[in-house]
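Comments concern the structure below.
The values are calculated or read from the model by the stated rules, or taken from the named source; none is laboratory data. Fair warning: this is a prediction, and the values are worked out from it, not measured in the lab. Cβ placement follows ideal geometry from the backbone for every residue including glycine, while neighbour counts extend to all protein chains displayed. Surface areas here come from the heavy atoms of the whole protein model, side chains and all, with no ligands, DNA or RNA. Shrake-Rupley method; radii C 1.70, N 1.55, O 1.52, S 1.80 Å.
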Amino acid sequence: MCPLDWMDAKSVGQRPADAEAGGLFDTGDATALLENLNDAQSDAVLHGDGPMLILAGAGSGKTRVITSRIAWLISTGRAAPNEILAITFTNKAAREMRERVAKHMPTTGMWISTFHAMCARILRREIERLGPWTRDFTIYDTHDRNLLIKTITKDLGYDASRFRPAMLGSLISDEKTGRYDRSDFEASSFDGSVESEVFVKVRDRYDAAMRSNNALDFDDLLVRTLEIFDAHPGARDTYAHRFRYVLVDEYQDTNRTQYLLTRHLAGWHKNLAVCGDPDQSIYAWRGADIRNILDFEEDYGAGGDTAVQVVKLERNYRSTDCILGAAQALIRHNSNRKEKDLHTDKQAEYKVHVLECGDENDEANEIAARIHGLRSRGVGADEIAVFYRVNFMQRALERSLRFAGIPYQIVGGVEFYKRREIRDLISYLHLIVNAKDDIACRRVINVPARGIGDKSLEKLAHWGAERGVPLLAAARSEEARAEIRGRAKVSLAAFAGLMERLEDFADRPAGDALQAVLDETDYFGWIASSGDEDAPNREENVEELRTHAESYDQDTPDGGLRGFLQEVALVSDIDGMEDEGGARVTLMTLHSSKGLEFPVVFVAGLEEELLPHALAMSDSEDSEDGVEEERRLMYVGMTRAQDELFLTHARTRLHFGESSWRVPSRFLREIPDEFLENATETESDDDVLGVYEAPETAAPNLAVGTRVDHDHFGFGVIERMQGAGINARVTVKFASVGSKVLLVQYANLKVVTA
């Protein structure tokens, strides 16, 4: 990685510890910040100027180190609050970091946010340097992006079912984030999935539409900020000189653009502290480059006066010694890493359980049975998580949990802000502050229903396109409306008047603007009259949005409607995890589990071609890199567990309508036996599941040795019986498929007497 030329200048203007920033807050003795920190953590907190790499093992307290360092820098006078920039990857992590710092001192003036939120904040001030955009730009999420691409694809005469908007959007994103070069697309097709001519035309039309809509997608937030920094050194220097200390969490997840943004911001003074773990780099598929952290010492220490301090946080405060030992033994099979020797004082009560199951339904039933046993031991449902590699595994797990009466939540399912009523109202709010947003205008121009049909809308859009004006401006034009007939013509005039009244709320608090939309549109009345069975839930969702807007206004009085919309646009799946309500088991993909922890964790589907995934084991040149990333993904899942870890796999699995025999994952073989307990064969099963007692729906005369008939597997003999009630299960050896563990309540076994 080549350093930027201007960054090689020696740092100047460094202020002593007793400079003007000192004494701003009555924080007490700065040494109090070091209480209960171990030696390595203290070293990271007390580091002075210059670059620092914090290699933070799983569960090693890195968030506490970062927040303590921020507080130490300010309390000792090394920096003022507005000279601190701390970046992380989720809004939830940023919020937690801000709350922890606030325990020591006010956070006013500090920038503690995600990369995307930071860039959005910079662009609100600087984007007009790039020409077509204004500071009231709209942020398009993935749904908005794909909707625009679908419209463009159809307008160009291409088949949207063949050239799927999500696929094209993904390729556009890959190009923007530097995973592929634009010339590569123009020279050839991408893996044969889309002709280069189609991609180039859609991409160029999409770029033009984003400019005319005054909109940015998530990638644009980063890329446009980098463009400003590259083309306008004065703007770049404003931020580089302001933020005298830059801290980046989860540095192993940064992509090329984020790497360059960081260099721009920290290159002048090199007071950059990055924290991360190469063993937890799991986002290469979305552009993350593990070399950013592996090469940090070379990037910031070579060829200059600056030495990089490396601090290893190796004490784990989360997991038991058994879980930690198993995870470390696994990850040491990777070569692209920096060695750490994690240790913990937490002694294991249980070894890592390995559960072999018959098929995906047996696996799901087994997990449900285990969860029942755990809950009978006093483990709360909200203390249990089930991770899986791919989303299709969710179906069987949901079915078994529902049948077993176990409450659960899905992280990364249909999120709150993707519900149609929420999208309607957010689109209205976007249109209030950005009259050029055609995507928002298309969504709400007939919501509530006004009799503006697709043909009328297309005529209006065509009129606007010919004259280079946005859709809302066309709706306001008497000339444009003159081409529309009937009810739609009157309705367009009414809609134009409605938006003119609502525009007065662009500079008002978010709660006021939302209430105006609800009143002007009678949105609640429209829901009530819709006859929709889900109307009560939709009304509750709208109420929740109103509550959130009012809460935002109270917490961020200077944010206004624009600040609220920016916050909403940057919400992630993990941020949508519910913190309150009834206790529920959490279901999520392994990728979503990053940064979380649970007392009990299940990792399901540990089979070749699932974990590691088949795409990671292709014959391509980087197949070994792919397998290493899959191993890191497994490592992340394992190290989420605090007390107990279950690893499950099936002998057969139904996928794409076909059932196939499965090979246990190589990752299971890479964990030494000393850490494993084959739970299906241990004496502890009965302690978990209780003495066998069949549910009332089961055949009354089941016993070891009984011959039974199963609707799918045919004839077999009962080998073992365990559990009670809904937990009751039997191990049956079938002539056709061998031994299977079945929950009696659902197996519908018939005793064979003849």
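Things worth noting here:
- Residues of the stretch 291-317 classified as open to solvent by 30 Å² or more (accessible area, probe 1.4 Å) and farther than 30 Å from Leu265 by Cβ, total: 2
- On inspection, Lys338 qualifies as within 24 Å of Gln41 (Cβ to Cβ), touching a residue at least 40 places away in the same chain (Cβ under 8 Å), surrounded by fewer than 19 Cβ atoms within 10 Å (Cβ to Cβ) and not aromatic (Phe, Trp, Tyr).
- Inter-residue pairs, beta-carbon under 7 Å, first more than 19 Å from His649 (Cβ to Cβ) and in contact (Cβ under 8 Å) with a residue 12 or more places away in the chain and in the stretch 384-406, second open to solvent by 40 Å² or more (accessible area, probe 1.4 Å) and part of a helix (DSSP H, G or I), 6+ apart: Phe403/Tyr746; Ala404/His372; Ala404/Ile726
- The listed residue being open to solvent by 40 Å² or more (accessible area, probe 1.4 Å), at pLDDT 65 or above and under 30 Å from Thr320 (Cα atoms), out of Glu674, Glu693, Glu719, Glu683: Glu674
- Scan of the stretch 99-139 for residues that are among the small types (Gly, Ala, Ser) and exposed (fewer than 14 other Cβ atoms within 10 Å of the Cβ), ordered by number: Gly109, Gly131
- Check on Ser183, under 30 Å from Leu265 (Cβ atoms), polar (S, T, N, Q) and at pLDDT 90 or above: no
- Lone qualifier among Gly626, Gly637 - being surrounded by fewer than 24 Cβ atoms within 10 Å (Cβ to Cβ), under 29 Å from Cys322 (Cβ atoms) and modelled with pLDDT of 80 or more: Gly626
- Selection status of Arg538, in contact (Cβ under 8 Å) with a residue 40 or more places away in the chain and among the charged types (D, E, K, R): yes
- Taking the criterion of being in contact with a strand residue (DSSP E or B) (Cβ under 9 Å, 6 or more places away or on another chain) and either of a type in the set (Asp, Glu) or within 23 Å of Ser68 (Cα to Cα) (or both), the residues of the stretch 281-304 that qualify are Ile293, Phe296, Glu297.
- Some residue of the stretch 459-470 being touching a Cys at 6+ places or on another chain (Cβ under 8 Å), under 21 Å from Ala209 (Cβ atoms) and either surrounded by fewer than 20 Cβ atoms within 10 Å (Cβ to Cβ) or modelled with pLDDT of 90 or more (or both): yes
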